[in-house]
Amino acid sequence: MSTRIVDLRSDTLTQPTEEMRARMSSAVVGDDVYGEDPTVNELESKIASMFGKEAGLFVASGTMGNLLAIMVHCPSRGSEIIIGDQSHVFLYEQGGPAQLAGVQVATIKNEIDGTFSLAELQRKIRIDDIHEPITSLVVVENTHNVCGGKVVPLSYLDELVSIVRRSSGPSIALHMDGARIFNAAAALGVSVQRLCRDFDSVSICLSKGLSAPIGSILVGSKAFITQARRFRKAVGGGMRQVGVLAAAGLVALEQIVPLLGKDHERTKRIAKAVHDLSSPNVVVDLDAVQTNILFLEIKQPDLVGSEFVQDLENVQPDELRAGVKDKNGLGVVVRSCDLTLKSVRLVLYHQIDDEQVELAIKKLTFVIKQYDARWPKVQ
């Protein structure tokens, strides 16, 4: 049967806007490997300025940006980076630091708010000992994906920077995996420059929630970017007339970044609707919903995330009779992601409007009430 799909699997699902498509089709381009694409140069310069850094580099993805940062900051064999154990770099970038950069990774347990213990960070920083690897880099993710789109507090970042600088001076670098850094800035009401002020490099994604079809920007000092550009070529990231993509990034900065707060508001609306059901089986921590990512926690022992995801995608005759349909009478499919056995993730973005939010709420309400009828209380 025909259905209405509300796809909340990820904010990577954003589509280029009409303005983006128009700007892409008319973009002035050149050979970016030679540094001659004016649209790429404009985007790199604009984002570097926004972040208070000297230079920027257009790369194919956030994974590539993070890898290049690690390669530049860890030039010596036997280098080690310190990072949260739930970070994207550690979990979802295929072991790139070890596989491609020859760098050892030391992890610290991420707390539910996306931070990790600063006391343990101090203990993990290696002193100058010939038996040990060299601590060369500390990586922070902001917002934190696996921890539910949490914004890492400014006070925490300031303290982390102080500890690292006090322990090592400039010898240990600081990198921000800022795939969703604009979401963090919107949630805190501060500039991205302030958020990343003390970090030596930042990777910023243009295709997560910003509607650009591809690309990230890596920013840092001129010397850092010069070396990153060299490594980009080595890993196959040198692109030619890439201004057709960079043009979408410029539109994203102008037109989509100012709208991120609306994504956050819509996410919180869904969260509150689920919370107000007072379900014993599926719960939401409202205080934990800070940006555009929402985690639904499953308390029922006999229910797992993959089953919840499937139930949100199935359309039953009963739900149509219960009014779970769009204005044309189509059944509603909500796509989500079971990142863990006992949680389901929903992510909002530019193309998820108020109508789709209400449809998602109807579907979630119907499915969760079915669970509650089946399991009136958690054993």
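The values are calculated or read from the model by the stated rules, or taken from the named source; none is laboratory data. Since the model is a prediction, treat every value here as computed from it, not as a measurement. Cβ sites come from the backbone with ideal geometry, for glycine too, and all protein chains shown count toward neighbours. Each accessible area value is taken on the protein alone, full model and side chains, heavy atoms only, with ligands, DNA and RNA left out. Shrake-Rupley method; radii C 1.70, N 1.55, O 1.52, S 1.80 Å.
Using the Karplus relation 6.51 cos²θ - 1.76 cosθ + 1.60 with θ = phi - 60°, the per-residue 3J(HN,Hα) values for region 225-236 come to 5, 4, 6, 5, 4, 5, 5, 4, 5, 5, 8, x Hz, with x marking Gly and Pro. For region 267-283, putting each phi into the Karplus relation 6.51 cos²θ - 1.76 cosθ + 1.60 with θ = phi - 60° gives couplings of 4, 5, 5, 5, 4, 5, 4, 5, 4, 5, 6, 6, 6, x, 9, 10, 10 Hz, in residue order, rounded to whole numbers and with x for Gly and Pro. Rounded to the nearest 0.05, the FRET efficiency derived from the C-beta distance between residue 378 and residue 339 at R0 = 25 Å is 0.75. Computed from phi, the 3J(HN,Hα) profile of region 5-11 under the Karplus parametrisation 6.51, -1.76, 1.60 (θ = phi - 60°) reads 9, 10, 9, 10, 5, 6, 7 Hz, with x in place of Gly and Pro.
Extension gain for residue 154 to residue 49 (0.36 nm times residue separation, less C-alpha to C-alpha distance): 35.8 nm.
The mean sequence separation of alpha-carbon pairs under 8 Å and at least six residues apart, normalised by the residue count of the chain, gives a relative contact order of 24 percent. Between amide H atoms placed 1.01 Å from N, distances below 5 Å from residue 5 occur with 333, all of them 5 or more places distant or on a separate chain. For region 165-204, carbon and sulfur atoms together expose 49% of the accessible surface, with a 1.4 angstrom probe and every protein chain in place.
Annotation: peptides 55-67, 346-358, ranked by per-residue average of other Cβ atoms within 10 Å with the highest first, follow the order 55-67, 346-358. Under the combined filter of DSSP loop state and at most 16 neighbouring Cβ atoms within 10 Å, region 13-90 retains these GluC sites (Glu not before Pro): 36, 54. Lysine pair count for region 30-240 with Cα-Cα distance under 21 Å and sequence separation of 8 or more or different chains is 7. Volume per residue for region 210-255 equals 86 cubic angstrom (convex hull of Cα atoms). Taking label points 7 Å from Cα along the Cα-to-Cβ direction, residue 132 and residue 77 give a separation of 2.2 nm.
Region 288-335 and region 1-45 have Cα centres spaced 30 Å apart. Global size of region 30-240: 16.2, 49 Å for Rg and Dmax (C-alpha atoms, Rg to one decimal, Dmax whole).
Here's the list of lysines a cross-link from residue 377 could span, going by alpha-carbon distance under 27 Å and ignoring same-chain residues fewer than 8 apart: 268, 272, 299, 342, 362, 363, 369.
Size of region 116-166: Rg and Dmax of its alpha carbons, in Å, are 12.9, 40. Roughly what % of DSSP beta bridges within the chain run antiparallel, to the nearest 5? Counting DSSP beta bridges with both partners in the chain, the antiparallel share is about 50 percent.
Over all pairs of different C-alpha atoms in the chain, the reciprocal of the mean inverse distance, the Kirkwood hydrodynamic radius, equals 21.9 Å.
Enumerate the residues in region 184-201 having an amide nitrogen under 14 Å from the point lying 7 Å beyond the Cα of residue 265 toward its Cβ. Under cut-off, by backbone N: 187. Between residue 239 and 33, the built amide H atoms are under 5 Å apart, and every one of these is 5 or more places off in sequence or on another chain.
Computed with a 1.4 Å probe on the full set of protein chains, the accessible area for residue 341 sits at about 120 Å². For the residues 206, 312, 250, a GNM of the chain with alpha-carbon springs under 10 Å puts the largest fluctuation on 312. This model, with +1 at the C-beta of Lys and Arg and -1 at the C-beta of Asp and Glu, gives the chain a dipole about its Cα centre of some 60 debye. Taking all Cα pairs closer than 8 Å and separated by 6 or more residues, the relative contact order of region 285-379 comes to 36 percent.
Taking all protein chains into account, the per residue accessible area for the chain stands at 43 Å² (1.4 Å probe).
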